[in-house]
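Quick notes on the structure that follows.
The values are calculated or read from the model by the stated rules, or taken from the named source; none is laboratory data. Every value quoted in this text rests on a predicted model; they were computed, and no experiment measured them. These area figures cover heavy atoms from the full protein model, side chains too; ligands, DNA and RNA do not enter into them. Shrake-Rupley method; radii C 1.70, N 1.55, O 1.52, S 1.80 Å.
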Amino acid sequence: FTFDATKRVTISGSPEDPEIQKLLTYSILNEKNPGTRLNSINLVSNNYTKNELTGIKEALVSAASNDENPGVRLQALKTLASLPFDDEIKKTYLHVLVNDKVPGNRIEAINSLVKAIESGFKADDEILSVFKNQLEQEENPYIKIRAKTILDSKEL
């Protein structure tokens with residue numbers, strides 16, 4: 001992991017090391033430079049196993065929902081997609097689908113939700129309700145089609 005301070009600093013350690021996880025979590029959540037936040041997420045995404053990612057899952061959820069930079073939010077969403085789908089990730093994707101102003105981020109969220117549903121995750125009332133609302137309010141035709149496809153399959 002490399003970052004710039006007063007001078008360039010390199011830190012080595014295992015992804016399982018709690019101190020390395022704390023440093024990456026801090027960088028993802030608090031670094032002022034969005035490029036550094038994005039680099040931290042990319043580092044985690046490219047070098048961590050699913051088990052190692054669970055140590056910084058909360059930071060990824062927060063970045064996907066709250067980061068001011070749409071590219072950072074998108075990469076956090078993509079990295080979350082590599083983790084086992086659960087209720088916390090579902091809620092993050094639903095939050096992005098309803099609240100994110102960037103169509104690409106909403107597309108990533110709905111694609112991940114649809115993939116989870118197609119893989120066996122139950123499309124519960126919360127998901128179906130959000131999808132129904134998206135059909136009415138969404139301007140992006142792709143998102144409307146994806147939502148309608150799931151809703152139609154649940155009515156059969």
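Where the centroid of each part is defined by its Cα atoms, how far is the stretch 137-156 from the stretch 47-74 in Å?
27
Tell me the carbon and sulfur percent of the accessible area for the chain, rounded to whole percent, probe radius 1.4 Å.
Numbers: 4340 of 8780 Å².
The computed percentage sits at 49.
Anything over 25 Å Cα to Cα? Flag those among K90/K148; K50/K115; K50/K132; K22/K122, in the order listed.
Cα-Cα > 25 Å for K50/K132; K22/K122; rest within.
Using 0.36 nm per residue, how much length does the chain from N51 to K32 gain when fully extended, once their Cα-Cα distance is taken away? Display every interim value, and only then the final one.
On the way: separation 19, 0.36 × 19 = 6.84 nm, distance 2.78 nm.
Result: 4.1 nm gained on full extension.
For the chain, what does the accessible surface come to per residue with a 1.4 Å probe? Please give it in Å².
56
Per residue of the stretch 112-129, what does 6.51 cos²θ - 1.76 cosθ + 1.60 with θ = phi - 60° give for ³J(HN,Hα)? Whole Hz please, x for Gly and Pro, Karplus curve as stated.
Here the 3J(HN,Hα) series is 5, 5, 4, 4, 5, 5, 5, 8, x, 5, 5, 6, 6, 4, 5, 5, 4, 5 Hz.
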